[in-house]
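Accompanying notes for the structure given below.
The values are calculated or read from the model by the stated rules, or taken from the named source; none is laboratory data. Everything numeric here is computed off the predicted structure, so don't read it as measured data. Don't worry about glycine lacking a Cβ; one is built from the backbone with ideal geometry, like all the others, and counts go over all protein chains shown.
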Amino acid sequence: MNREEIEKKLLKEGSRVVPIRWEDRRLSLLDQRLLPSSETWTTYDDPDKVAHAITSMVVRGAPAIGITAAFGMVLAAFGLKGQPIETFKVNWLVLAKRMLEARPTAVNLRWAVHRLQAIVTSGNYRDVSRLARRLEQEALAIWYEDIMANITMGKHGQALLPAGAGILTHCNAGALATGGYGTALGVLRAAVSAGKGIRIFADETRPWLQGSRLTAWELLQDGIPVTIVIDSAAGYLMRKGDIEAVIVGADRIAANGDVANKIGTYGVAELARANGIPFYVAAPTSTIDLDTPSGETIPVEERAPGEVTSFAGHPVAASGAAALNPVFDITPNDLVTAIITEKGIIRPPYRESLYAILT
Ligand code: MRU
């Protein structure tokens, strides 16, 4: 599929936003730090600059950073094309190691780079140009598979949502966070397309405001109404009866079903349990990490305190105050009602059910 075909397919499903472009062997990213004020695209031809774009949040969201990292490693391959195969491999692996360090929590980054690495180290290619072209095909496959997984997840997941229900989501698990269409927001898009008449509430999601800036923007691009609430309003709204289900994405799902997602997700899950509301996680199987036994060993990224004490360059805290900025948390598996994947709806006990779909 080329760009037009991808965009046509997504448009047919009612989704306009695609955050990544691959054209003439160059990668362009929609700068998500600037949304919704400005739609600015930046083009990259250097893998280290792509890694920096991931670290600095130009692109974010677990599947989107996996796809971006894959294209970054394709750029690396074309950049090293003039070298003998053995030198190529050594240098490509050095660049891959740097790419893997771009962000620690979302497993999709590692999963995508390792998919390409398996081809580089397979020994099947002696010709560097052929190998680079093969890596390009693999990155494109990772991207298309992600879009198709999201669309399939949408079809499975929307069946869980009652007509007319108020649904709360946290962070941005939408088209912007994926190859297109979205995971949690993909399920909401599918529910809207199915005429469910749902009402979507988006947590603002401090400190980067992925909810109020990104989720709200991309839903409105598709003509889907959304109501933004501040993060601390969730419990009040649930108790009042405005929320009938919660749906979020994931950065990593451990083998026992513990879920790493944007900071604040765990609190929302506890509130959902306390109020008898189902808590759903929508994620492609690329987000499931059977090598991580439980949430305890998932690395949780901590970012600069300045992201908490200032916003867009303006101070929002008393000067001199310390701040902590863990950007993900772990929701224990017993708070997760079901995990929606492209392979179907997974229910507890997760250790058995996740293993069964992945093996
Ligand atoms: O720090 P971010 O914006 O990369 O965090 C993103 C999230 O936590 C998303 O909910 C998660 O990656 C799922 S995206 C489909």
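Taking the criterion of being in contact (Cβ under 8 Å) with a residue 12 or more places away in the chain and exposed (fewer than 13 other Cβ atoms within 10 Å of the Cβ), the only residue of the range 10-29 that qualifies is GLU23.
Answer with yes or no whether LEU161 is surrounded by fewer than 24 Cβ atoms within 10 Å (Cβ to Cβ) and more than 14 Å from the ligand (Cβ to nearest atom). It is true that LEU161 is surrounded by fewer than 24 Cβ atoms within 10 Å (Cβ to Cβ) and more than 14 Å from the ligand (Cβ to nearest atom). Taken over the range 164-189, residues that are more than 9 Å from the ligand (Cβ to nearest atom) and in a helix (DSSP H, G or I) amount to 4.
In the range 129-137, is there at least one residue being within 15 Å of the chain's Cα centre (by Cα) and away from the ligand (no atom under 13 Å from the Cβ)? Looking through the range 129-137, none of the residues is within 15 Å of the chain's Cα centre (by Cα) and away from the ligand (no atom under 13 Å from the Cβ).
Whether a residue is within 22 Å of LYS262 (Cα to Cα) and outside the structural domain of ARG199 (by TED's automatic domain parsing) was assessed, and ALA132 does not pass this test. All of ILE243, ILE247 fail the test of being outside the structural domain of ALA112 (by TED's automatic domain parsing) and more than 18 Å from GLY61 (Cβ to Cβ), apart from ILE243. Taking the range 1-118 and the helices (runs of 4 or more DSSP H) fully enclosed by it, the elements with 2 or more residues that are within 16 Å of the ligand (Cβ to nearest atom) and under 16 Å from the mean Cα position of the chain (by Cα) are at 47-55, 62-79.
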